[in-house]
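Colleague: Before we start, here is the structure in question, set down as structure tokens.
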Amino acid sequence: MLNSIRTVFLLTCLCFAAPAAAQLIPPPGQPSTPPAPAPAPGPSAPKAVTETTVSERREGSNNQKDWHFIGHVEMDRPGSDTKIYADDVMAYTGENKAIATGNVVLAQGDNRISAERAEFNTETGLGTFYNATGFSTVKPPKVQPGRAAVAAPQMAGQETIVMFFGEKIEKIGPKKYRITNGGFSTCMQPTPRWDLHAGTVLLNVDHYTVLTNAVMRVKGVPMFYTPILYYPTKREDRATGILMPTYGSSSLRGQSIHNGFFWAINRSQDATITHDWYSKTGQGVGTEYRYNAGTGDGSVSAHLDDQHATVYTDANGVQTPVGASRSYEVRGAASQLLPFNLRSRATVNYFSSIVASQAFNTNIYDASRNNRSFGGNVVGAWGKYSLNVTMDHSEYFSDANNSYLAGSLPRVSLMRNERPIANSPVYFSVSGEYVKTLRATNSTTPASDTQPSVTTVDDTGLSRLDVLPQIRYPFKKWQWFTVNSTISWRDTYYTRSYQATDLNVAAPKVADVGLNRTLYTIQSQIVGPVFNKVWDTPDSGYAEKFKHSIEPVLTINRTSSVDNIDRIVKLDGVDQLVGGTTLTYGLNNRFYAKRKLTPGVQAQSREIFDVELSQSYYTNQLAAQYDLQYQTNQGQGQQTNFSPIALSVRAVPTDAINTTLRAEFDARYHKLRTISANTSYSWTTRVQVTGGWTKRGYIPELAGFNDPTLLDHAIFASSTMHTKDNRFGGIYSVNLDLLHRAVVQQRISAFYNAQCCGLALEYQTYNYGVNSVSPIPADHRFFLSFTLAGLGNFSPFNGALSGVPR
């Protein structure tokens, strides 16, 4: 994103570096003019020169130490692409000084600088141009892969053309310039779309640029003023400097200005420091750090929001007071290769206040997220052995005062991977796991005038040790009929359990009493007989062949009885094994197409459509509550021998289209429990569309589905479109609550990139609804950002303008 920063001033340096050519003494030029006499002896004799000067006429004086070139003067330096043109040039060889007047032009490659008058020292190369203007064409550098950098994309094939001007331009060092009462623009129109004018511009090539009393003008109209502005002029693709600000507004926070500073620490590290100012609620500061160490990479961002008390006024004039708060949010991820064939990963997505988080973020996912988490793991593999050590901490909020903590600290798993026993077709594996679980329910009573806040914690965490050896025999003699059978034995020890005297209580207590559970499981997965039908369609234009496969499936699972199942604290699938036999039966329909995806390459077969229908029968009705194959089984209090009927549909006719559908029907009441569908379409990278639909049915006789407040019916859609060169584009997303006929969120973003500047804007409406803990019922937000020839800019921490090329 900072490439164009250097572009702006690299142009200036290229143009101004040319005055070094002016240090050369104009010699007697062409054979048609009299030869210059030999220099007089003595220390003041002029130095020898190799340049060639052409003019209509010339005059020598002061013992031919001074030369006056008159009319269409052209000073050329052989072996260089630098030339100086002027109407009149006065060269004082004894003083190492030259003065050019009248239509002075300095040309160096594609760069030009013109002035009314120029004075320069022919020995040091330092000098001054008066009433000067110029331009330069600089190709954007290629961004090196693998670097963590903030970079704004430029339009394909575009070069940065920079026009600069000043009443006085002084070359005060080899790569240092001072511009007085001037500025620059990257717009080459007769009336530039924008220009940046400053009282003084100090340009230090390959280092930095400082502007004082700078004013940005759009179409000649002053837009904003800053007493000082610093940004880089490095030649590399990343450079430290100030980023373009973003303007915003919202119903709660009022007007806002988001500023950023990019710090290129070195080739493998950089950071962005941000500041947010809000007219109604205060300010915030944040930072994002990125690194790439070769064997690992990562990024972490943090934001502190300091909000003072304010009053929110809705469209009807109703005022809602919003109290002061100070909150923070941290997000990040890292991955690192370690010695001994180990790799570590870490993630964090944590906030200090769910109220502030949901009111602050613009992204629909972050604004509706009700959990905060952090964790990491280390994995390794050595031959047939593998190790996984995990730590995770997740807290889920039902409202601002009540939450549920889940996780492990730590979870250590060691496995001997499956290997054949001798030379037989029988495979053996064994795994062991130790986990110290985090499980607690937190309930906070807010403070009152007479009582402080009180937090009640119900800790149900424990430690668990689990060992699982397993033997597997796959029968695959026939392709149309396969059987995969396993026998496993499991021994699990728990350090805590429910008290035996509390089992009939709605919320039994967890006591520090150990418990051991032993069981075995026998399972067979049967697929077949499989029926196939193939069609040859060489002229279809879509595929050479089609294949339809019908697969009956049956899984038989027998688990020994677990006598102490009621005393086990159920944390995950390991603890939810109950005795009895389970039959899972279904029918799969799969359709394949043999297509030539790439011209000249042999056709390949791929699955384009499949339909799966399944259901389970349990001899032990208690098993229906813990079967993780079905989403709607969880939390069901009713005992039944049958699971819901599950329908799964997937269609992938091309690489550009992907559609899935999942539905569960209640087998007893013959009504829909849940249904969801998702689809996506992409055309290259220019058009991307996604959408989804979810619905939870109402079943009066079934607990969990007979409460109207728990129903939902929603639809979401998102689309991104832009031209091939990123000149025009936009993003649109919407979330609709069909049950309550409300628009939950609607976001419209658009951008335009011209040769010299760009514009990005976003408008969002958000209705929080009853399920949100936001202090206000709704919010309207607007954001605006400019790009000046690709000068670096950024998206604020709250997600505004994310995904918009600028």
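Colleague: Of all residues in the stretch 461-491, count the ones that are open to solvent by less than 30 Å² (accessible area, probe 1.4 Å) and not in a strand (DSSP E or B).
Modeller: Residues flagged as open to solvent by less than 30 Å² (accessible area, probe 1.4 Å) and not in a strand (DSSP E or B) within the stretch 461-491 amount to 2.
Colleague: In this structure, is residue 552 without any contact (Cβ under 8 Å) to a residue 12 or more places away in the chain and surrounded by 15 or more Cβ atoms within 10 Å (Cβ to Cβ)?
Modeller: It is false that residue 552 is without any contact (Cβ under 8 Å) to a residue 12 or more places away in the chain and surrounded by 15 or more Cβ atoms within 10 Å (Cβ to Cβ).
Colleague: Every residue in the stretch 353-378 that is β-branched (Val, Ile, Thr), at pLDDT 80 or above and open to solvent by 40 Å² or more (accessible area, probe 1.4 Å), please.
Modeller: 355, 378
Colleague: For the stretch 751-772, state whether one or more residues are within 20 Å of residue 682 (Cβ to Cβ) and at pLDDT 85 or above.
Modeller: Taking every residue of the stretch 751-772 in turn, at least one turns out to be within 20 Å of residue 682 (Cβ to Cβ) and at pLDDT 85 or above.
Colleague: Moving on to the next point. Identify the single condition in (1) closer than 21 Å to residue 574 by Cα; (2) open to solvent by less than 50 Å² (accessible area, probe 1.4 Å); (3) acidic (Asp, Glu) that residue 395 does not satisfy, given that it satisfies every other one.
Modeller: (1)
Colleague: Follow-up question, since we're still on this one. In the stretch 556-574, how many are within 30 Å of residue 441 (Cβ to Cβ) and touching a residue at least 40 places away in the same chain (Cβ under 8 Å)?
Modeller: So the answer is 12.
Colleague: Considering only residues that are under 30 Å from residue 768 (Cα atoms) and either at pLDDT below 80 or part of a strand (DSSP E or B) (or both), which ones fall in the stretch 204-251?
Modeller: 245, 246, 247, 248, 249, 250
Colleague: On the basis of being surrounded by 16 or more Cβ atoms within 10 Å (Cβ to Cβ) and modelled with pLDDT under 90, does residue 728 make the cut?
Modeller: no
Colleague: I'm trying to understand the selection: among the residues of the stretch 337-352, which are open to solvent by 50 Å² or more (accessible area, probe 1.4 Å) and touching a residue at least 40 places away in the same chain (Cβ under 8 Å)?
Modeller: 337, 338, 340, 341 - these are the residues of the stretch 337-352 that are open to solvent by 50 Å² or more (accessible area, probe 1.4 Å) and touching a residue at least 40 places away in the same chain (Cβ under 8 Å).
Colleague: So, in the stretch 59-91, of the ones that are over 22 Å from residue 114 (Cα atoms), open to solvent by 40 Å² or more (accessible area, probe 1.4 Å) and not polar (S, T, N, Q), which residue ends up modelled with the lowest pLDDT?
Modeller: Top of the filtered list is 79.
Colleague: Let me ask another. Kindly indicate the residue of the stretch 603-636 that is aliphatic (A, V, I, L, M) and at pLDDT 90 or above and also farthest from residue 710 (Cα to Cα) among those meeting that condition.
Modeller: Among them, the one singled out is 608.
Colleague: Something else: Condition check: modelled with pLDDT under 95 and assigned to a loop (DSSP other than H, G, I, E, B). Does residue 424 satisfy that?
Modeller: Yes: the conditions hold for residue 424.
Colleague: Something else now. Does residue 536 fit the bill of being of a type in the set (Asp, Glu) and surrounded by fewer than 14 Cβ atoms within 10 Å (Cβ to Cβ)?
Modeller: Spelling it out, residue 536 is indeed of a type in the set (Asp, Glu) and surrounded by fewer than 14 Cβ atoms within 10 Å (Cβ to Cβ).
Colleague: Ok, one more. Take the stretch 535-588 and flag every residue that is closer than 18 Å to residue 496 by Cβ and not in a loop (DSSP other than H, G, I, E, B).
Modeller: Correct list: 565, 566, 567.
Colleague: May I ask you to verify whether residue 345 is among the charged types (D, E, K, R) and touching a helix residue (DSSP H, G or I) at 6+ places or on another chain (Cβ under 8 Å)?
Modeller: Here the answer is no, as residue 345 does not meet what is asked.
Colleague: Name the one entry in 444, 501, 450 that is farther than 25 Å from residue 567 by Cβ, at pLDDT below 90 and open to solvent by 80 Å² or more (accessible area, probe 1.4 Å).
Modeller: 450
Colleague: Taking the condition surrounded by 14 or more Cβ atoms within 10 Å (Cβ to Cβ), in contact with a Ser or Thr (Cβ under 9 Å, 6 or more places away or on another chain) and within 30 Å of residue 463 (Cβ to Cβ), does residue 590 pass?
Modeller: In short, no.
Colleague: Take the residues in the stretch 100-120 that are among the small types (Gly, Ala, Ser) and assigned to a strand (DSSP E or B), then tell me which one is surrounded by the fewest Cβ atoms within 10 Å (Cβ to Cβ).
Modeller: 102
Colleague: Take residue 436 and decide whether it is open to solvent by 80 Å² or more (accessible area, probe 1.4 Å), charged (D, E, K, R) and within 19 Å of residue 391 (Cβ to Cβ).
Modeller: yes
The values are calculated or read from the model by the stated rules, or taken from the named source; none is laboratory data. Just so we're clear, the structure is a prediction, and the values are computed from it rather than from any experiment. Note that each Cβ is placed from the backbone with ideal geometry, even for glycine, and that neighbours are counted across all protein chains shown. The area values use the complete protein model at the heavy-atom level, side chains included, leaving out ligands, DNA and RNA. Shrake-Rupley method; radii C 1.70, N 1.55, O 1.52, S 1.80 Å.
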